[in-house]
2 protein chains.
Amino acid sequence: MIHSASDDTAIDVAIIGAGFAGLNAARELEKRGLRVQVLEARDRVGGRSRPGQLNGVTIDTGGQWVGVGHERLTRLAQEAGAALVPQYGKGRKVLQVDGKARTYTGLIPPVSPRALIEMQLALVALRHLQKKVDAARPWESALAPLDNETLASWQKRWLRSRGARAIFDIGVRAVFCARPGQLSMLHFLSYLAANHSFDYLISAEGGAQAATVQGGMHQLTTHLARQLRTPVLLEAPVMRLEQSDTGVVVTHGKGTLRATRVIVAMAPSMARKIAGDPVHTARDKLGERMPMGSVIKCLVAYATPFWREQGLSGEFVSDTAPFSPVFDHSPADGSCGILVGFFDGPEALRWSGDPDGRRRAVIESLVAAFGPAAATPVDYIDHDWIADPWSEGCYVGLPAPGALTELGRALRAPHGRVHWAGTETATAWTGYIEGALASGEAAAQEVALALQAER
Amino acid sequence: MIHSASDDTAIDVAIIGAGFAGLNAARELEKRGLRVQVLEARDRVGGRSRPGQLNGVTIDTGGQWVGVGHERLTRLAQEAGAALVPQYGKGRKVLQVDGKARTYTGLIPPVSPRALIEMQLALVALRHLQKKVDAARPWESALAPLDNETLASWQKRWLRSRGARAIFDIGVRAVFCARPGQLSMLHFLSYLAANHSFDYLISAEGGAQAATVQGGMHQLTTHLARQLRTPVLLEAPVMRLEQSDTGVVVTHGKGTLRATRVIVAMAPSMARKIAGDPVHTARDKLGERMPMGSVIKCLVAYATPFWREQGLSGEFVSDTAPFSPVFDHSPADGSCGILVGFFDGPEALRWSGDPDGRRRAVIESLVAAFGPAAATPVDYIDHDWIADPWSEGCYVGLPAPGALTELGRALRAPHGRVHWAGTETATAWTGYIEGALASGEAAAQEVALALQAER
């Protein structure tokens, strides 16, 4: 379009990052007839989703769930010909609080009546509070001063029994891969507002963990990447951006290209690694104050899903075992049993860099939950997202207390010719693949309009 | 020592960063007969201290004060032949709260009796609390759970009057270049424990701003640098560290060197920019959760220190003017009048990248404080520490809520052959030049012992 005939490397839009956000932005821009190049640091597309092989089954070592209401993601799965499988949840769940493991069915965990009442009151209060926060601009809400408090401070006032605190902590850690003491109360409410409710976020049936993609989430990013006219350039980390009045020079691991506009589709803290023009801006400072969550994802295969025979669903949550939560992720053909689970928050930090130790900790946790049969797996795989050089943590960047009110306005605001995508920038379904897809659409629209205005 | 004869670039210790910490570590190691090379990214030594020229006077655009009890720094000034000048403080101070400017003398600001009582009770409570926190290992204290709360949450309970909150906020912002909502209460108490008390930190006479160095702080780092047998290598940013069983390969802007051990004497968040072995460790994750404070330092020269004639000390603090606090920094020879002040926290973020706007805001704030004579300066200089590519903020890295308890143990723990210095790692006088000097000494001692043990 605007590239000069003399420079055949000039394109309309360079997109940095081939996760769901970047790939969807590329697709949307190509639909509009624009010349696009996606640059990816890794040797694969998919970003924070990532396939793996376990006992001959292709599984997800990264993002895996499709939530109720994740419409873009559901459509994309259909388009890619990938089946969605409801998360298995038949049978009793295992809850371990203060070292005691108990099983239960339904939605009500076996804790004291007082803990249950406190939890219910807290959830009602949160639903009331989240309504006052616009997830697209929480810093403008009447509750913006809550950015100066942590979720832990709020929780301390509302939950006084050990049981209620333990259950709430487990839920927060599972959703954010961080403890309540690390989270801004405003950010927490904004996240709830963007994702229906806290109940939704921690639920399988009817919630954010409703279904998985048979054969793996990577089928969807591969499908997106294959559709592009210009193939994704892999192993091409972007080192530098330099802006001029007419375009941006992008220096990457495999050379240099000129683009009229750029979309950075990376987590805000990772975007800080790019030198040149976008640094030392408000967006850069925001990235400095949005550290990534901490998580290691582990999958364990057994000859059979033996827990099902015991009447257990495979769901296990604990405030004492290091490896929690755990879910059943056995293949639909019943060829073997697979449990998937997480070290999150401080437990992930503790076990990062110790692959042997954490494998032992996984098995010990599973034996505590499901009995001695869990001691003899047939295969094991994990992925330490903290040590992943192109993610440095998962699932998302978490604005530290004070960051959103001081710098939140920079989250989506273009910096000259540089625009932003990635699930952190989504105004709905923030933190999920659905949000990543939506953020790619929004950035594509913004860039297309800007290019039109320049003509 | 341990370097092989075949490789003449091999040394005992490479030190990254030529601020007070790195230079002092180098001096201590050379005293022990070790071969040291200091590598510095900037074109000067001094780190977060930095000289400037204003109306023919050499002033400090970075760290400037010597506090009572800063013994290493005081000794170093003597050694360098630099005189210490008490901070000027004769006359009435100006306090602006809610837009009203009032003058006062002594230690008691003109706020309501209720505000004064609340402030006093809060200060007593803080002195009581800080005693329970060991600044060398706050995460082990009985008060460690306060890492899950912000200082703002604590302050809200203790200070209920507007006046008390305003005064407290001003003090916190002046000390940390951040608002109370950003600070972990545990980190705040640890900082007080490391630096005597909150009163000390916000005071000139008898406190952290007791004196300045006539002719500028840079004389002291220049003195340290000149003493070194091997000159500091400037404009040599370190890009990569690779460790083996016998040493570390240091890749920097001017080449490569081999050292048996390395001291990284940088702020923890800046240390994250070095690729290779130290990344994706607990120290790296801690750095991710220690964003720098935000500050722009500005100095304004007038023909005379006209405020003195009005019976004013030049001290001005405000909760409404963007430019506060302000102090008299006129040269001892009375050749002109100089005011020095700061945009800190959100005000610094707001004015970063707008040099003309902030200069106007400085003058407007000074006119509001000292009258129309402040409208006609003869010279002006500032330094935006947020935009400084080798600092990315000042004065120090601030552990976000939750960071110290999860990762604080990694602050000083060596990572193989890589050791840590810098004022953030100091166990006393943390955040001050005195702490930087002490941290350099401690790192040198640690490295010398490690080298001895290897022989």
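Here are some notes:
- Positive-end residue, region B:243-382 charge dipole about Cα centroid, Cβ charges, pick of B:Pro291, B:His252, B:Val317: B:His252
- Residues in region B:279-318 occluded by at least 40 Å² - accessible area, probe radius 1.4 Å, against chain by itself: B:His280, B:Lys285, B:Glu288, B:Arg289, B:Pro291
- Tensor-based shape of region B:341-382 (alpha-carbon gyration tensor, a/c under 1.5 rounded, otherwise prolate or oblate): prolate
- Where labels lie 7 Å past Cα in the beta-carbon direction, separation of B:Arg32 and A:Gln78 in nm: 6.9
- Here, region A:111-202 is characterised by an Rg to Rh ratio of 0.95, where Rg is the alpha-carbon radius of gyration and Rh the Kirkwood radius.
- A simple rule links phi to the HN-Hα coupling: the Karplus curve 6.51 cos²θ - 1.76 cosθ + 1.60 with θ = phi - 60°, which for region B:92-98 gives 7, 8, 10, 10, 10, 10, 6 Hz, with x for Gly and Pro.
- Accessible surface of B:Leu121 - all protein chains present, 1.4 Å probe, nearest 10 Å²: 100
- Loop-located trypsin sites (Lys or Arg not before Pro) in region B:144-239, at most 14 other Cβ atoms within 10 Å (DSSP): B:Arg160, B:Arg229
- Local electrostatic count at B:Pro325 - Lys and Arg +1, Asp and Glu -1, tallied over other residues with Cβ under 9 Å: -1
- Our summary gives chain A a relative contact order of 25 percent, counting only alpha carbon pairs under 8 angstrom and 6 or more residues apart.
- Chain B - Kirkwood radius from inverse mean 1/r over Cα pairs (Å): 22.6
- Here A:Val45 sits with roughly 30 square angstrom of accessible surface, probe radius 1.4 Å.
- Rounded to 10°, Cα long-axis angle of helix B:113-130 versus longest principal axis of chain B: 20
- Positive-end residue of A:His196, A:Phe176, A:Ala125, charge dipole of region A:111-202 with Cβ unit charges: A:Ala125
- Nearest-first distances (nm) between copies at A:Pro145, label 7 Å from Cα via Cβ: 2.5
- Charge sum, other residues only, whose C-beta stays under 12 Å from A:Tyr104's C-beta, Lys/Arg counted +1 and Asp/Glu -1: +2
- 0 to 90° range, to nearest 10: angle between helix B:218-227 axis and chain B longest Cα axis: 20
- Of the residues in region B:144-173, those shielded by at least 10 Å² of accessible area once partner protein chains are present, compared with the chain alone at a 1.4 Å probe, are B:Asn148, B:Glu149, B:Thr150, B:Ala152, B:Ser153, B:Lys156.
- For region B:249-267 versus region A:23-77, the spacing of their alpha-carbon centroids is 39 Å.
- Once the GluC sites (Glu not before Pro) in DSSP loops with at most 16 neighbouring Cβ atoms within 10 Å are cut out of chain A, the longest remaining piece is A:236-455.
- On association of chains A and B, roughly 2800 Å² of accessible area becomes buried (total for both chains; probe 1.4 Å).
- Taking all protein chains into account, the per residue accessible area for the protein assembly as shown stands at 37 Å² (1.4 Å probe).
- For region B:311-446: rounded, prolate or oblate by the Cα gyration tensor [a/c cutoff 1.5]: prolate
- By accessible area with a 1.4 Å probe, ligands and nucleic acids excluded, highest first: order of B:Tyr104, A:Tyr191, A:Tyr88: A:Tyr88, B:Tyr104, A:Tyr191
- As computed over region B:34-179, the Cα convex hull volume per residue (Å³): 221
- Cα lying deepest toward the dipole's positive end in the protein assembly as shown, options A:Val213, B:Leu407, B:Ser153, charges on Cβ: B:Ser153
- Rounded to the nearest 10 degrees, the inclination of helix A:20-31 to the longest alpha-carbon principal axis of chain A is 40 degrees.
- Global geometry of the protein assembly as shown, whether rounded, prolate or oblate, following the gyration tensor of its Cα atoms and the 1.5 cut on a/c: prolate
- Per-atom-type breakdown for the protein assembly as shown gives carbon and sulfur 53% of the accessible area (1.4 Å probe, protein chains only).
- Both numbers refer to the Cα atoms of region A:217-350; Rg and Dmax are 21.7, 67 Å.
- Each Lys or Arg adds one and each Asp or Glu takes one away; over the other residues whose Cβ falls under 15 Å from the Cβ of B:Ala426, this sums to -3.
- Accessible-area value, A:Met292, 1.4 Å probe, nucleic acids and ligands omitted, Å²: 0
- Ranked order, B:Lys90, A:Lys285 - accessible area, probe 1.4 Å, largest first: B:Lys90, A:Lys285
The values are calculated or read from the model by the stated rules, or taken from the named source; none is laboratory data. All values derive from a computational prediction rather than experimental measurement. Here the Cβ is made from the backbone with ideal geometry for all residues, glycine too, and neighbour counts use every protein chain on show. Heavy atoms of the whole protein, side chains included, go into the accessibility calculation; ligands, DNA and RNA do not. Shrake-Rupley method; radii C 1.70, N 1.55, O 1.52, S 1.80 Å.
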